[in-house]
Amino acid sequence: MRRRSHPPPSPLPQRAGVDPVRVRLPAGDAWATVRDHLVARLAAGAGVIDEMLDAGRIVDAAGRPVPRDMEYVPGMFLWFHRELPYEEPVPFTIDVLYRDEHLVVADKPHFLATTPRGSHVAETALARLRRQLGMPALGAAHRLDRLTAGLVLFTVRPEERGAYQALFRDRRVAKEYEAVAPYDPSLALPRTVRSRIVKERGILAAREVDGEPNAVSSIELLEHRNGRARYRLLPRTGQTHQLRVHMSALGVPILGDPLYPVVTGPVPAGDFRRPLQLLARGLEFTDPVTGHEHRFVSPRALQAWSSYDEWTG
């Protein structure tokens, strides 16, 4: 089997903790010039591409600006920086709970995306930590939903990232979540929920369908008061929005959830009230590089439990 070659290092530095965009010209295409391919591939439009080329903002592996008339060469790598959109700053800190030569474990606040994606680029946990710690090579081993707070594991060395990602892919990480949701005295707990969840591209909410289960969650009641309860959630699988879907299906949707059981209107930018009351409380695993046994616990408190009036306000 032919081994896939690694791309060359970027000739451009990061900006605000965000990597430049890398493009590889595919084989089999018959474009006359690099410019023609970029105009067809990228959604920026011909005028924007021409402006970037004329300004020398698109470069090759050696960092040389690509001219408009450069011949198309299959397999060639190009780099450029995207224009960073304005992002409403998330007014909460991201705390580092653990750091060594291999790992950084951070406690992410609600509303902060884990990695650059869509309209969230510089205001992400990864970009913030790269800037905060001065570690441009930092990478994310997994992702946590933007609306969910709690523990996220980052890797220090790019060559070790795959080993830590495999922990999550192969389900060798014990994850513990906590949620605040309505209390239903008729709901028998603890219980294990099994269902088949599908998430379609372009559709905000995932849904349960008939078929072989692909999502398994253990749900326990920790305590309750005033019609609300604190739940311990143990996902055995990692489907998109799995815990949120399962809690809603049980009739106790997590407080502050804008998707389950009903998709609500978009929250205005800068509105950080009533965060989703879901927290990635704990991570436990055997380090694939050092062999050490790790257990990390977030000290964060869910506001709808600790201070309900403040959360509703």
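The values are calculated or read from the model by the stated rules, or taken from the named source; none is laboratory data. Being a predicted model, the structure only gives us computed values, none of them experimental. Glycine also receives a Cβ, built like all others from the backbone with ideal geometry; neighbour counts cover every protein chain displayed. Ligands, DNA and RNA are excluded from the accessible area calculation, which covers all protein heavy atoms including side chains. Shrake-Rupley method; radii C 1.70, N 1.55, O 1.52, S 1.80 Å.
Taking GluC sites (Glu not before Pro) that fall in a DSSP loop and have at most 13 other Cβ atoms within 10 Å as cut points, what is the longest piece of the chain between them? Longest stretch, sites excluded: 201-313.
Taking all protein chains into account, the per residue accessible area for segment 44-152 stands at 45 Å² (1.4 Å probe). If you average the C-alpha positions of segment 211-269 and of segment 91-118 separately, how far apart do those two centres end up, in angstrom? Cα centroid of segment 211-269 versus Cα centroid of segment 91-118: 22 Å apart. Under a Cβ-Cβ cut-off of 15 Å, what is the net charge of the residues other than Asp60 that fall near it, where Lys and Arg count +1 and Asp and Glu count -1? Taking every Cβ under 15 Å from that of Asp60, the sum is +4. Local charge for Arg273 was computed over the other residues whose Cβ lies under 13 Å away, with Lys and Arg +1 and Asp and Glu -1, and equals -2. Kirkwood radius, segment 92-156, all distinct C-alpha pairs, inverse of mean reciprocal distance: 11.4 Å. More than 17 angstrom separation, counting every C-alpha pair in segment 247-313; what % is that? Percent of Cα pairs beyond 17 Å in segment 247-313: 60.
For segment 54-175, state the semi-axes of the equivalent ellipsoid (square roots of 5 times the eigenvalues of the alpha-carbon gyration tensor), sorted largest first and rounded to whole angstrom. Spell out each step's value before the answer.
Values: eigenvalues 197, 73, 34 Å².
Semi-axes from the Cα gyration tensor: 31, 19, 13 Å.
Of the accessible area of segment 1-112, computed with a 1.4 Å probe over protein heavy atoms only, carbon and sulfur atoms account for 53 percent. The alpha-carbon atoms of segment 202-313, seen along their principal axes, cover 46, 38, 31 angstrom, with the largest extent given first.
Taking every Cα-Cα distance in segment 111-249 and sorting them into 5 Å bins from zero, the calculated P(r) comes out as 2, 9, 15, 18, 18, 16, 11, 7, 3, 1, 0 percent. Here the mean projected area of the convex hull built on the C-alpha positions of the chain is 19.7 nm². Averaging the sequence gap over all C-alpha pairs within less than 8 Å and six or more residues apart, then dividing by the number of residues, gives segment 19-95 a relative contact order of 43 percent. Distance from the C-alpha centroid of segment 44-83 to that of segment 126-194: 36 Å, rounded to the whole angstrom.
On the protein heavy atoms, probe 1.4 angstrom, tell me the percent of accessible surface of segment 227-313 carried by carbon and sulfur.
50 percent
Based on the alpha-carbon gyration tensor of segment 1-99 and its eigenvalue square roots a ≥ b ≥ c, which shape applies: rounded if a/c is under 1.5, prolate if not and a/b is larger than b/c, or oblate?
Details: a/c = 2.40, a/b = 1.49, b/c = 1.61.
Oblate, because a/c is 1.5 or more while a/b does not exceed b/c.
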